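A.B. asks: This is the structure I have questions about; it appears just below.
Please treat every number below as a calculation from the coordinates, not as lab data. Quantities reported herein were computed from a predicted structural model and do not represent experimental measurements. Neighbour counts run over all protein chains shown; Cβ positions are idealised from the backbone, glycine included.
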Ligand code: GCB
């Protein structure tokens, strides 16, 4: 049992680590607003007008200077003699949310700037604040409201909000967004990835109404050291010292108050004995927060996750992670996921497989994915796109990665289903990389001590013919992820089952990727690439190998469904798809699906 002073130190650490996260970011003017789903919102989803602008003519003049009268002004001709060389209203339309690549044939490979425009009315009362919320825009967004720039955001998979109180009119507001998905060497992710660079306003856009005095962030979880205590903090604004915040969990018969301190934060500690969240019983409680006139309800689960030696413990019980990796790509139609129905199809397949765990690769997925996984009893690994060879010695690259990490944690920190944050995937060894990644690990731990930190690493050494895990990052993470493609990128499938594994660390290891490609419906012999039989044999033999690893804590093979990738050029087989899915993009299961399903059915929890 923790002493009271230890608890207070914990809570203060949480809070001290987070103001940067939650304060209005000066440079970007963006904001982290917790639990958009619990708010009164107005959707701005639907058809938006667009202008495709590869030369960024709407932003720069011919001297490459930013223009004062860019496309964000949406200028209209006032006189028939006037020259204006763009017009949103006669240009094309695109659906928001949605990527542009799968909506328009000519934008299939497009990378660059597209301007988006919509108009909206908004009725705002004097006692309200209004935020503009974006689920995600890939990759850089410049946001203009009524001709004025109100914010910028970098990073294609995290959400952000902008306070627009005082900037809107009751009618015909003009919202223009410059979206640019050009890949850059110094960006996160970097210039090359094995997934499609879907551009656009890929997740929903909403107006979010709150009372003037409101709750804007909170973190409520079970005390990792004491299952009978719920701890947390609530941030409000404006920060009025001494005002009261109430936390109430009716089902537990608990209601407590706490006073706002001089930083606008109310700390909570509540003795309770909640039913714990687990894949077998994904119990969520209705938690109500109130502050002055503001009331916000969330569904929150309570659980602990910890490690000891090579085991992972959920609520103090050892748990084996029966997982599958998933990209945020829509079944049947492909492109980015845009509806909760698509989310349910993907996660439903994971459940059918017998999974209790999903690795949401390689970037933070949309919020519905995380919330639905939690409801369905799937533990979640969530990661940032520090993928392959990013510029580890570039300070701005690090800042970008850290910002994406902070935004990922900020949005999903109240989700009991999320049990692991991952800081990287398959990064090359080196001093700059080690410093970069350990700094991210330290940052993640300072923001959240209720979850495990991991990274997907590779095998760099063989010792006496055995796979030997000795990546120096292994010292700093709680769980070691290893991607290993025996039978696909090296060796024959039947060579895999005899491979032995060793580790320099007494820590749990998840084989975060293994697998091979198959074109659904292509049949042949087990040694013929791209046949379902070959892929099935890769699975059979890798599963035999897994059985020999005594520090194995789980696996999330690559991958649930075929997904688009710019790297996959074999026309009649791949046709721009990575074919390592257990299911085709049209939803048809391949043989390997059933092999993994059989394996999982033999493992109790
Ligand atoms: C990997 C990567 C993943 C790729 C996969 C593949 O190791 O982590 O993003 O898609 O291999 O299919 O090559």
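A.B. asks: Using 0.36 nm per residue, how much length does the chain from residue 308 to residue 108 gain when fully extended, once their Cα-Cα distance is taken away?
C.D. replies: My answer for the length gained is 67.2 nm.
A.B. asks: Simple spin-label model, 7 Å along Cα-to-Cβ: residue 69 to residue 86 in nm?
C.D. replies: Taking the simple label geometry, residue 69 and residue 86 are separated by 1.3 nm.
A.B. asks: Moving on to the next point. Taking every DSSP beta bridge that has both residues in segment 444-492, what percent is antiparallel when rounded to the nearest 5?
C.D. replies: Around 40 percent antiparallel, to the nearest 5.
A.B. asks: Any idea what the alpha-carbon Rg over 2.2 N^0.38 Å comes to for segment 320-443?
C.D. replies: Dividing the Cα Rg of segment 320-443 by 2.2 N^0.38 Å gives 1.11.
A.B. asks: Based on the mean of other Cβ atoms within 10 Å per residue, sort peptides 567-577, 545-555 so the most packed one is first.
C.D. replies: Going by the mean number of other Cβ atoms within 10 Å, highest first, we get 545-555, 567-577.
A.B. asks: At what distance in nm do the modelled label points of residue 529 and residue 295 sit from each other, each positioned 7 Å from its Cα along Cα→Cβ?
C.D. replies: Label-label distance for residue 529 and residue 295, simple model: 6.2 nm.
A.B. asks: Now for a separate question. So if I average 1/r over every pair of distinct C-alpha atoms in segment 38-210 and take the inverse, what Kirkwood radius in Å does that give?
C.D. replies: Value: 16.8 Å, from the Cα pair sum.
A.B. asks: Once you sort the root eigenvalues of the Cα gyration tensor of segment 286-392 as a ≥ b ≥ c, which label holds: rounded (a/c under 1.5), prolate (a/b larger than b/c) or oblate (the other case)?
C.D. replies: Rounded.
A.B. asks: Here is a further query. Please state the shape class of segment 307-601: rounded when a/c is under 1.5, otherwise prolate if a/b exceeds b/c and oblate if not, all from the C-alpha gyration tensor.
C.D. replies: rounded
A.B. asks: Then there is this: Need one number: nm distance between label points at residue 431 and residue 225, each 7 Å from Cα along Cα→Cβ, rounded to one decimal.
C.D. replies: Between residue 431 and residue 225, the simple spin-label model gives 3.7 nm.
A.B. asks: Between segment 332-352 and segment 541-585, how far is it from one alpha carbon centroid to the other, in angstrom?
C.D. replies: So the separation of the two Cα centres works out to 17 Å.
A.B. asks: Among the DSSP beta bridges whose two residues both lie in segment 307-601, what percent are antiparallel, rounded to the nearest 5?
C.D. replies: Around 25 percent of the beta bridges assigned by DSSP in segment 307-601 are antiparallel ones.
A.B. asks: Given contacts defined as C-alpha pairs under 8 Å and at least six residues apart, what's the relative contact order of the chain, whole-number percent?
C.D. replies: Worked out over the chain, it gives 12 percent.
A.B. asks: Counting pairs of alpha carbon atoms under 8 Å apart in space and at least six apart in sequence, what relative contact order in percent does segment 38-210 give?
C.D. replies: Result for segment 38-210 is 32 percent.
A.B. asks: Okay, moving on. Let me make sure I get this right: for the chain, a, b and c are the square roots of the gyration tensor eigenvalues over alpha carbons, sorted descending. Under 1.5 in a/c it's rounded, otherwise prolate if a/b > b/c, else oblate. Which is it?
C.D. replies: It comes out oblate by the Cα gyration axes.
A.B. asks: Per-residue ellipticity at 222 nm for the chain, helices alone: DSSP H runs ≥ 4 residues times -39500 (n - 2.57), over residue total, nearest 500 deg cm²/dmol?
C.D. replies: Helix-only estimate at 222 nm: -5500 deg cm²/dmol.
A.B. asks: If you count the DSSP beta bridges with both ends in the chain, what percent of them are antiparallel, to the nearest 5?
C.D. replies: So the antiparallel bridges amount to about 70 percent of the total.
A.B. asks: If I take R0 = 56 Å and measure r between the Cβ atoms of residue 286 and residue 462 in this structure, what FRET efficiency does the formula 1/(1 + (r/R0)^6) give, to the nearest 0.05?
C.D. replies: 0.60
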